[in-house]
Amino acid sequence: MFLIECKCPNGMYCPLFKVDQMMEWSSRRSVVRMNGDKFRRFVKAPPRNYSVIVMFTALQPQRQCSVCRQANEEYQVLANSWRYSSAFSNKLFFTVVDYDEGADVFQQLNMNSAPTFMHFPAKGKPKRADTFDLQRIGFASEQLAKWIADRTDVQIRVFRPPNYSGTIALALLVSLVGGLLYLRRNNLEFIYNKTGWAMAALCVVFAMTSGQMWNHIRGPPYAHKNPQNGQVSYIHGSSQAQFVAESHIILLLNAAITMGMVLLNEAATSKGDVGKRRIICLVGLGLVVFFFSFLLSIFRSKYHGYPYR
Amino acid sequence: MKQPGWQSLLSFSILFLACLAGFSSRLFAVIRFESIIHEFDPWFNYRSTHHLTTNGFYEFLNWFDERAWYPLGRIVGGTVYPGLMVTAGLIHYVLNLLHITVHIRDVCVFLAPVFSGLTAISTFLLTRELWNQGAGLLAACFIAIVPGYISRSVAGSFDNEGIAIFALQFTYYLWVKSVKTGSVFWTIGCCLSYFYMVSAWGGYVFIINLIPLHVFVLLLMQRYSRRVYIAYSTFYIVGLVLSMQIPFVGFQPIRTSEHMAAAGVFALLQAYAFLQYLKDRLTRQEFQTLFFLGVSLAAGMVFLTVIYLTYTGLYVRLLTCYAKIHIPIIASVSEHQPTTWVSFFFDLHILVCTFPAGLWFCIKNINDERVFVALYAISAVYFAGVMVRLMLTLTPVVCMLSAVAFSSVFEHYMGDDTKREKPPEKAEEGLGPNIKSIVTMLMLMLLMMFAVHCTWVTSNAYSSPSVVLASYNHDGTRNILDDFREAYYWLRQNTDEHARVMSWWDYGYQIAGMANRTTLVDNNTWNNSHIALVGKAMSSNESAAYQIMRSLDVDYVLIIFGGVIGYSGDDINKFLWMVRIAEGEHPKDIRESDYFTPQGEFRVDKAGSPTLLNCLMYKMSYYRFGEMQVRRGALTPPGFDRTRNAEIGNKDIKFKHLEEAFTSEHWLVRIYKVKKLDNREPLDHKLRSVVPKQKYTSKKVPLMLGGEFALQVWRDSFRFS
């Protein structure tokens, strides 16, 4: 067979041995860590009968590459799905090269951005399509699996470890509420407290009108830092999108205006000292007028062509 | 304002003016352009209404439209909410009965503004029940001009939502009224209004979940009363039976999970009422045993139902929700996106900041009907956050609650202390006329800004018919671009009556409505694979596309191209969605990545991917565009696309199977004719006529020989050609 008959250049890493070595490593860890030396022997050197997926990345904390960390998580999910699937074989291996362990590999491949995913096919050199298009498709493991199926004909069904954080949060909330009810079991009057319920209702309303649902679905960045001059902008320039920080600002503004309206009403209806009520009234009016004009100016900055500048 | 007569005259005239303002602020499009149906879906509604008025109601219910979704056709009568068409048809019928001859198109165009006036009235009634007359009047004024509602109800936008919001508000008014009075009369009125809502819009699901929620919360708050029992029991039964009369709804109310909450609350209410009844009749001891028995039985029942639902309906439902997120055709519709704060502010302006205050006042002074409005606000604001389109259901409640907030402020600050009938007590006095008038002035100023904003938004954002485009020159004069109608009219006049036109699904309704030709796909996107086939034809190369078009019997292909005038909603900009939808069904043939450059950009110039530069859509869009110099300064080269600001990459486009049939004035619409199959290629040389040897043969044989010989020659030529 091909495996036995081949001539090994240095005697030791003949494909038979190479693939065994790779199998042994990947049975220990689903993603094999490589340095420059290993990379050249197991991935670059030609006699090979297995495909290798390599993630070039920079995971060291001093590199400050947050994308690398997210990509790494997705990559681990994918590699684990492959490692523990029934179709696991010695046809495909997942490896990683960190910049701080194999900077020479990066130079050799003329690579200047991380993370990058590359596929090294069993035969021939990697082509253009063997570099994963991270910019366009993103690095979700499902997309990676699709790309791998495209390049190697190996189908991987991505199995994500179930996310328990939501359940735990719910359980915590339920136990908290239950505990509160238990502690206050002698006096359940607070359930009938209108202020509490009104507060809760307003929280929902403010969260929705400031676009938290949009944040939840789209996942925008918190704020944008201009790489040239280091200026941080909290307001997104376009009317089609928003930052998380921006939506928080809007939430506060909306709440302030509402509070102003409520205070105006309080000032007129409450029975108390006249001076105090006057102050409350003026504070309420100030809140409404000032924060509404502030809100309007933010809106104008986003909505170009809004009249009466 | 001392006599009630003055008060009601004032209320009446304010309400009337609000209706008038609402009606007239929706007429921007009619005044600027003409009385024309807008956009896409209204064209289908208009076509159906036209069918209804010409062929009668029963014919409409049985209508099978063979002009859509060729070759499948569409059962229209059973797949539409007929309320809109029937309303328009009825108005048309009544007007004609009175010898007021109006074209059905004008009825359709002005239906939504008229109904917005009715919405203002029903909002006034509902708010008056919830708070007081003043708040009601403010709410009517708000809803008359608020952009969130105008967006769906300008003149010419002949769509379900235009009449549905009126039905929604009126149903809620009657519901609140029936909870307040406990009278079957009001409840039956509520059911009839609900029936109208079901016949008009799929959003009736919101009502059938909100009313049970109201009843459920009332039970939780121990506000159960006979009135609630009568109102809900009647409403559920009569409303259920009525809603099942609509063919499109059919048996859904007893089958699908959206309607299960209503049934559950109905059962709960009966059980609760029964327990209340027993409580009066039995001793305490007996009641307790019975109560525990009943509770355990009910718990068991609920448990079983939940298990049943999980294994049948609910599970499937969750799966379909998943599919909704991941099918590209649903993701491609911009209305199905979540809402940013900007769109909230754009559609509601000051109201979005003040309606929480109204909610606060309502919860602080709670009663049965204010529970309802609080639930309405919270659920509507949640749905509006999830989907831009549902801003429409949020708008009425925002108007009502903002009116509550503003009216309670005005109530305290506008009144003049000195002219009161009974002298105010010391403690109540004191804020002083100065502060009061400052507050009043500033609040009025805010409302004035709101009115200005509403007018600006209505005039600029929501009053474009999108069938007719307008552009403005530097000196302010206006150019009307009427390319769409020009092209559709060309189709109507110059093509065979049964010609089949292929286009992207956005234009299906317009082609059917204006050109009266058969379409392959349209805006009723019920068959994804058919759409994917059209997408595949558009994104394949010409010969592959020709095979698809042959198999679908396509005669003409219509595309929208904005490169000459810089119109951004054209087919090249939508093209990636076509590729994506096609890829979803035909992953082997179409790949999205093929249409990008190696850098992952979508470009139409020389650097663009060769697959893109040779696909049918690209070729049809840019055919002969390379010869054209768009006049925009002298510097632009020929073939410069103004929409994408690039010089096109493939200027030498030749067609083999298509030919250009029509291009509109500004190149906005281009129509291509699909050629029939060519004749077989003629032979290279003539058949040799062989002179038969007559010497030794009978008369029959030479013919045969000649025939054989000719056959031989033909075979040879075939082999070598």
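Taken together, the values in this text are just the output of simple stated rules run on the coordinates, not laboratory data. Note that the structure is a prediction, hence the values are computed from the model and not measured. No Cβ is skipped: glycine too gets one built from the backbone with ideal geometry, and neighbour counts run over all protein chains shown.
A Gaussian network model of chain A, with springs between Cα atoms under 10 Å, assigns the largest mean-square fluctuation among A:Met208, A:Met22, A:Met118 to A:Met208. Rounded, prolate or oblate: which one fits the stretch B:201-281, using the alpha carbon gyration tensor with axes a ≥ b ≥ c (rounded when a/c is under 1.5, else prolate when a/b beats b/c, else oblate)? Prolate is the answer for the stretch B:201-281, as a/c is 1.5 or above and a/b outweighs b/c. Between the Cα long axis of helix B:260-281 and the first principal axis of chain B there is an angle of about 20°, rounded to the nearest 10.
Starting from the Cα gyration tensor of the stretch B:546-661, take the square roots of the eigenvalues, sort them a ≥ b ≥ c, and report rounded, prolate or oblate (rounded when a/c is under 1.5, otherwise prolate if a/b is larger than b/c, else oblate). It comes out oblate by the Cα gyration axes. Based on a Kirkwood Rh over C-alpha pairs, give the Stokes-Einstein translational diffusion coefficient of chain A at 37 °C and viscosity 0.692 mPa s in µm²/s. In µm²/s, the coefficient rounds to 131. For the stretch A:200-246, the convex hull drawn through the C-alpha positions has a volume of 76 cubic angstrom per residue.
Shape index of the protein assembly as shown: Rg/Rh, with Rg the Cα radius of gyration and Rh the Kirkwood radius from the inverse mean 1/r over Cα pairs, equals 1.04.
Modelled label positions at A:Glu24 and A:Cys203, each set 7 Å beyond Cα in the direction of Cβ, lie 5.8 nm from each other. Among the listed pairs A:Lys125/A:Lys146; A:Lys146/B:Lys619; A:Lys127/A:Lys225, those whose Cα-Cα separation exceeds 27 Å are A:Lys146/B:Lys619; A:Lys127/A:Lys225. With N counted as the residues of the stretch B:480-674, its alpha-carbon radius of gyration over 2.2 N^0.38 Å works out to 0.98.
Shown for the stretch A:13-152 is the translational diffusion coefficient from the Stokes-Einstein equation, using the Kirkwood radius over Cα pairs, a temperature of 25 °C and a viscosity of 0.890 mPa s: 162 µm²/s. Nearest 10 degrees, 0 to 90: what angle lies between the long axis of helix B:4-25 and the longest principal axis of chain B (Cα atoms)? The angle comes out near 10 degrees.
What percent does the relative contact order of the stretch A:13-152 come to when contacts are Cα pairs within less than 8 Å and at least six residues apart?
After rounding, I find 34 percent.
Which of rounded, prolate or oblate describes the stretch B:541-592 when judged by the alpha-carbon gyration tensor and an a/c cut-off of 1.5? Taking the square roots of the gyration eigenvalues as a ≥ b ≥ c, the stretch B:541-592 is oblate.
Here r is the Cβ-Cβ distance between A:Val283 and B:Asp106 and R0 is 56 Å; the resulting FRET efficiency, rounded to 0.05, is 0.55.
I need the trypsin sites (Lys or Arg not before Pro) found in the stretch B:183-280, filtered to DSSP loop residues with at most 10 other beta carbons within 10 Å of theirs. Taking the stretch B:183-280 and a limit of 10 other Cβ atoms within 10 Å, no loop trypsin sites (Lys or Arg not before Pro) are found.
For chain B, the calculated P(r) over all alpha carbon pairs, in 10 Å bins from 0 to the bin holding the longest distance, is 2, 11, 19, 20, 17, 12, 8, 4, 2, 1, 1, 1, 0, 0, 0 percent. Over the Cα atoms of the stretch A:42-114, the radius of gyration divided by the Kirkwood radius equals 1.00; this is the Rg/Rh ratio. Using every pair of distinct Cα positions in the stretch A:161-309, the Kirkwood expression returns a hydrodynamic radius of 19.1 angstrom.
Based on the inverse mean of 1/r over its pairs of different Cα atoms, what is the Kirkwood hydrodynamic radius of the stretch B:504-565, in Å?
Evaluated on the stretch B:504-565, it is 12.5 Å.
A Förster radius of 22 Å combined with the Cβ-Cβ distance from B:Thr597 to A:Glu142 puts the calculated FRET efficiency at roughly 0.40. I'd like the FRET efficiency for B:Ile31 and A:Tyr192, computed as 1/(1 + (r/R0)^6) with the beta carbon distance as r and R0 of 56 Å, rounded to 0.05. The calculated FRET efficiency here is 0.55. Phi-derived couplings, Karplus 6.51 cos²θ - 1.76 cosθ + 1.60 at θ = phi - 60°, listed residue by residue for the stretch A:176-183: 5, 5, x, x, 4, 4, 5, 5 Hz, with x used for Gly and Pro. Mean silhouette area of the stretch A:78-233, derived from the convex hull of its C-alpha atoms and averaged over all directions, reads 16.7 nm². Among B:Thr395, B:Ser151, B:Asn527, whose Cα projects farthest towards the positive end of the dipole of the protein assembly as shown, with charges put on the beta-carbon of Lys, Arg (+1) and Asp, Glu (-1)? Final value for the positive-end residue is B:Asn527. Extension gain for the segment B:Ser529 to B:Ile254, taken as residue separation times 0.36 nm less the Cα-Cα distance, is 96.0 nm to one decimal.
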